[in-house]
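The block underneath contains the structure these notes are about, expressed in structure tokens.
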Amino acid sequence: MKLIWITDIHLNFINFYELDNFCNKIIPLHPEAVLIGGDIGEAQDITNLLLTLEQKLACPIYFVLGNHDYYHGSICDVRDQIQKITENSQYLQYLSNTGIVELTSTTCLLGHDSWADGRYGDYFNSEVMLNDYVLIKELSNLDKQTRLINLKKLGDEAANFFREQLSQALLNFQHVLILTHVPPFIESCWHEGNLSNDDFLPHFCCKAAGEVFIELMRKRPNQNLTILCGHTHSSGMCQILPNIFAKTGGAVYGRPHIQDSIILKE
């Protein structure tokens, strides 16, 4: 089975001609599914962009959302919009709602947006101010302490999802493929060839999700977990445990590209 993985494509930064060219790089590869790791557009255009991708690629599209997908809107409202279009879609599958997807007899797919939860690095002394904290309703106009409470809630939401779904998946599959937006480990939080420092880690890594992965996979040393993430716009790979491998996708605004072609065997 062939999967094409893309992430942080920011299609709102390109025109329709460039979008066509991007899709025309994917189509000749004849993927059986496309995985999109979030940051597809922004709140006002995310549904139209997904529907356009569905029409052009005409194959199953499994996706999660990134922080940019909520810009100029709210997390709640965007997720409601996504729920509506996926209910009537032939190919679009929002993994935060879908649960376990069987890819082969030995491999399944899980996904959730996840969120940087402020638990790594030095949140209170960090001077990093993401647009998230201005352009997303649930995170805007908050003092630092209140914002951290909300970030932790979002991180815990992802962790709880993964705890439930991964536990179930490991009962039936040898290999689980995770698609998420935010890196779950410090070792997967790359920036320009280096790991993120204490200023950026609070805003770019989800500790809660990573701890769930480590806890569950330590109990299953003969099974494997592969995590595909993005968010940092810098690529890198790491092995957290002998059975946990994480890959972070790189990105450049206005230049969407294919991260990887993944071949799954029975």
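Observations on the structure shown:
- The stretch 37-114-the stretch 232-266 distance, computed between alpha-carbon centres (Å): 18 Å
- FRET efficiency estimate (nearest 0.05) - Cβ-Cβ, ASP20 to SER261, R0 22 angstrom: 0.60
- Cα point-scatterer Debye curve for the chain, base-10 log of I(q)/I(0) at q = 0.09 Å⁻¹: -0.37
- Unsatisfied cross-links (Cα-Cα over 23 Å) in the set LYS25/LYS84; LYS207/LYS247; LYS56/LYS265; LYS56/LYS84; LYS137/LYS247: LYS25/LYS84; LYS56/LYS265; LYS137/LYS247
- Share, in percent, of DSSP beta bridges within the stretch 2-263 that are antiparallel, nearest 5: 30 percent
- DSSP bridge orientation in the stretch 1-129 - percent antiparallel, rounded to nearest 5: 15 percent
- Annotation note: GluC sites (Glu not before Pro) in the stretch 133-195 located in DSSP loop regions with a Cβ neighbour count of at most 14 within 10 Å are GLU192.
- Nearest-20 debye value, the stretch 2-263 charge dipole, Cβ charges on Lys, Arg, Asp, Glu: 620 debye
- Gap separating the Cα centres of the stretch 131-158 and the stretch 192-229, nearest whole Å: 20 Å
- Gain on full stretching of the segment that runs from GLN90 to GLU32 - 0.36 nm per residue minus C-alpha separation: 19.5 nm
- Computed label-point distance, nm, for sites VAL252 and ASN222 using a 7 Å Cα→Cβ extension: 4.7 nm
- Residue by residue, the stretch 99-116 carries 3J(HN,Hα) couplings of x, 7, 10, 6, 9, 9, 5, 10, 10, 10, 10, 10, x, 7, 3, 6, 7, 5 Hz when phi is fed to the Karplus relation 6.51 cos²θ - 1.76 cosθ + 1.60 (θ = phi - 60°); x denotes Gly or Pro.
- Annotation for the stretch 201-241: trypsin sites (Lys or Arg not before Pro) lying in DSSP loop with at most 11 further Cβ atoms inside 10 Å of their Cβ are LYS219.
- Simple spin-label estimate for ASN160 and LYS56 in nanometres, 7 Å along Cα-Cβ: 3.7 nm
- Under 11 Å, Cβ to Cβ, from HIS181 - net charge with Lys/Arg +1 and Asp/Glu -1: -4
- Modelled label positions at MET1 and GLU138, each set 7 Å beyond Cα in the direction of Cβ, lie 2.9 nm from each other.
Rule-based calculations on the coordinates, nothing more; no lab input. Owing to the predicted nature of the structure, the values given are computational and were not obtained by experimental measurement. With ideal geometry, Cβ positions are generated from the backbone for all residues, glycine too; neighbour counts draw on all protein chains shown.
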